[in-house]
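Asks: Would you mind keeping the following structure in view while I ask a few things?
The values are calculated or read from the model by the stated rules, or taken from the named source; none is laboratory data. Nothing here was measured: the structure is a model prediction, and the numbers come from that model. Glycine gets a Cβ as well: all are built from the backbone with ideal geometry, and neighbour counts include every protein chain shown. Note: accessible area is taken over every heavy atom of the protein model, side chains too, but ligands, DNA and RNA are not part of it. Shrake-Rupley method; radii C 1.70, N 1.55, O 1.52, S 1.80 Å.
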Amino acid sequence: MDDTSYPITNRNRVRRRPERGRFDRATVYDILDSAMVAHIAYVLDGQPYCTPTGFWREDDRLYWHGSSASRMICGQSGGVPVCVTATHLDAIVLARSGFHHSVNYRSVMAFGTARLVTDAVEKARALDGFVDRFFPGRSKEIRPPTGQEVKATSFVVMPIDEASGKIRSTHVADDEEDYALPIWTARIPVRQVLGDPEPCPRQLPGLAVPAGMKAYTAGRLLDEVLLEAYHTTYPD
């Protein structure tokens with residue numbers, strides 16, 4: 001078995017434009033680690049649901065959090081099959097026909113069985129991990145969670161059984177005869193760019209920006225900062 005790639009199965013096979021499929025773990029991990037929000041799809045009592053939530057990866061496991069009273073957490077506590085997706089929108093592509101209008105993107109679909117984190121030690125580690133994954137070292141700088149906050153917050157973990165990435169990164173791709181048409185076309189890049197921090201109006205004076213937050217500076221791309229933060233928290 002090739003440990004550097006996920007096996008291609010009927011569940012994770014990329015059927016539409018298979019040449020865009022990516023099954024190597026390095027690409028799948030990069031797409032996941034440069035995202036902050038994922039969509040969790042699951043079925044409860046025959047009804048499909050899809051919940052957006054904050055998530056992060058540790059090795060070949062995905063974690064996400066939610067209120068202990070939420071339908072998602074309650075429904076997944078006993079172990080249910082789920083599909084987790086994360087997507088980056090990279091560009092809008094305007095072509096000479098509606099059929100060839102498109103977007104450039106990087107996306108991942110990951111499959112596995114989710115379960116509630118019930119072990120106290122694992123949950124405590126997840127509480128810190130959820131913070132430190134995005135903001136390296138910050139769990140040591142902030143107030144520890146209270147007992148009520150720990151009780152009100154739940155975490156779900158899902159080992160990644162199968163996954164696939166898909167990437168479109170091309171320019172306008174029209175039918176050959178359409179290139180002669182006098183129609184304006186373009187690829188418009190899309191980026192999530194950080195703005196200037198807006199300190200809390202009640203912040204105490206004289207506080208410096210923590211070292212783990214230095215990367216969150218105005219003008220930087222969010223996905224690059226998140227990827228950098230991940231590798232700071234989980235160095236190779």
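Asks: Report relative contact order for the chain in percent, whole number only (criteria: Cα-Cα under 8 Å, sequence separation at least 6).
Replies: 25 percent
Asks: Indicate, rounded to the nearest 5 percent, the antiparallel portion of the DSSP beta bridges found entirely in the chain.
Replies: Beta bridges within the chain, antiparallel portion: roughly 100 percent.
Asks: Next up: Would you calculate a helix-derived [θ] at 222 nm for the chain, using -39,500 (n - 2.57) for each DSSP H run of n ≥ 4 and dividing by the full residue count, to the nearest 500?
Replies: Result for the chain: -6000 deg cm²/dmol, rounded to the nearest 500.
Asks: Based on the Cα atoms of segment 115-186, what semi-axes does the equivalent ellipsoid have, where each is the square root of 5 times one gyration tensor eigenvalue, given in whole Å with the largest first?
Replies: 49, 17, 11
Asks: Using the Kirkwood radius over Cα pairs, work out the Stokes-Einstein diffusion coefficient for segment 21-152 at 4 °C and 1.567 mPa s, in µm²/s as a whole number.
Replies: Result for D is 77 µm²/s.
Asks: Enumerate the calculated ³J(HN,Hα) couplings along segment 209-220 in order (Karplus 6.51 cos²θ - 1.76 cosθ + 1.60, θ = phi - 60°), each rounded to whole Hz, writing x wherever the residue is Gly or Pro.
Replies: 5, x, 4, x, 9, 4, 6, 7, 10, 4, x, 7
Asks: Excluding VAL84 itself, what net charge comes from residues whose Cβ is under 12 Å from its Cβ, given Lys and Arg +1 and Asp and Glu -1?
Replies: 0
Asks: Report the local net charge at PRO182: Lys and Arg +1, Asp and Glu -1, summed over other residues whose C-beta lies under 15 Å from its C-beta.
Replies: -2
Asks: What percentages, rounded to whole numbers, describe P(r) for segment 109-236 computed over all alpha carbon pairs with 10 Å bin width beginning at zero?
Replies: Over segment 109-236, the share of Cα pairs per 10 Å bin runs 9, 23, 29, 20, 11, 6, 2 percent.
Asks: Further, regarding this structure: Just to check I understand the Karplus step: with θ = phi - 60° and J = 6.51 cos²θ - 1.76 cosθ + 1.60, what whole-Hz values come out for segment 21-30, glycine and proline as x?
Replies: Result, rounded to whole Hz: x, 10, 10, 6, 4, 4, 5, 4, 5, 4.
Asks: Here's another thing I want to ask about it. Under a 1.4 angstrom probe, counting protein chains only, how are PHE55, PHE135, PHE23 ranked by accessible area, largest first?
Replies: Sorted descending by solvent-accessible area, the residues read PHE135, PHE23, PHE55.
Asks: Pull up all non-local amide H partners of ASN104: gap of 5 or more, or a different chain, and H-to-H distance under 5 Å with H placed in the peptide plane.
Replies: It is ASP90, ALA91, ILE92, VAL93, by chain and number.
Asks: Average the reciprocal distances over every distinct pair of alpha-carbons in the chain, invert the result, and give the Kirkwood radius in Å.
Replies: Kirkwood radius, the chain: 20.1 Å.
Asks: How large is the charge dipole for the chain, taken about the Cα centre, if only the Cβ atoms of Lys, Arg (+1) and Asp, Glu (-1) carry charge, to the nearest 20 debye?
Replies: The dipole magnitude comes to about 540 debye.
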